[in-house]
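Participant: I have a structure here, written as structure tokens, and I will follow up with some questions on it.
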Amino acid sequence: MTGSDLLGALAEESRLRAFAAVLLGAATTGEAASQAGLREREVLKSLATLESVGLVSREGDRWVACPQALRDAAVASAARREYVDHGTVDARAAAVLRAFMPDGRLERMPSARSKRLVVLDRIALVFEPGVRYSERDVNAMLSAFHDDVAALRRHLVDESFLARESGSYWRIGGTVEV
């Protein structure tokens, strides 16, 4: 069943209430009707619909909830994310970059310094060693990675990837691609 089939089955209030009752332990149609505050006939019809999409099943004369069907549908409907290949051979660094820069932009700054250094090292690669950059140019380059360029610039300076003097910045640390 697709996620939309399951959601469609749960979209009607009596079916949702019947499912909740079985999920919370009602085993018979009568128990489900009592817990859901519905007539047995209505609950039986609802449970039959829910059974057809795999949300409940019968084991003898008892109803059993199948919440795994919801989990499976959620996983199947989750958007597939394409990750940027950051070109690193270090498995740990690659994992950090996938987590914090999955599409090439920084989603959030890691709080752990070791991970933050991996991210900053990757970002510092856009700066050519030996070249001086104006603050405006630095901001333009950093905006490709994150909207808060001031914070990103400050991190790069604080962690000694960039140096600053008189409104000029230059690279002083980090990995150099050869």
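The values are calculated or read from the model by the stated rules, or taken from the named source; none is laboratory data. Computed from a predicted model, the values in this text were never measured in an experiment. Glycine also receives a Cβ, built like all others from the backbone with ideal geometry; neighbour counts cover every protein chain displayed. The accessibility values were calculated without ligands, DNA or RNA, using every heavy atom of the protein model including side chains. Shrake-Rupley method; radii C 1.70, N 1.55, O 1.52, S 1.80 Å.
Participant: Select from region 39-53 the residues that are open to solvent by 30 Å² or more (accessible area, probe 1.4 Å) and of a type outside the set (Val, Ile, Thr) and list them in ascending order.
Facilitator: Residues satisfying the conditions are Arg39, Glu40, Arg41, Glu42, Leu44, Lys45, Ala48, Glu51, Ser52.
Participant: Right, something else. Consider Ala9 carefully, then state whether it is farther than 30 Å from Val176 by Cα, in a helix (DSSP H, G or I), open to solvent by 60 Å² or more (accessible area, probe 1.4 Å) and at pLDDT below 90. Talk me through it step by step, then tell me what you get.
Facilitator: Values: farther than 30 Å from Val176 by Cα: yes; in a helix (DSSP H, G or I): yes; open to solvent by 60 Å² or more (accessible area, probe 1.4 Å): no; at pLDDT below 90: yes.
Taking the combined requirement at face value, the residue does not satisfy it.
Participant: Same structure, new question: Please work out if Gly54 is assigned to a loop (DSSP other than H, G, I, E, B), touching a residue at least 40 places away in the same chain (Cβ under 8 Å) and not β-branched (Val, Ile, Thr).
Facilitator: Yes.
Participant: Identify, by number, the condition in (1) closer than 30 Å to Ser143 by Cα; (2) of a type in the set (Val, Ile, Thr); (3) without any contact (Cβ under 8 Å) to a residue 12 or more places away in the chain that Val118 doesn't meet.
Facilitator: Result: Val118 passes all but (3).
Participant: Further, regarding this structure: Go through (1) without any contact (Cβ under 8 Å) to a residue 40 or more places away in the chain; (2) within 23 Å of Pro110 (Cβ to Cβ) and name the single condition Ala140 misses.
Facilitator: Here Ala140 clears every test but (2).
Participant: Hey, among the residues in region 72-97 that are of a type in the set (Ser, Thr, Tyr) and modelled with pLDDT under 70, which one's most open to solvent (accessible area, probe 1.4 Å)?
Facilitator: Tyr83
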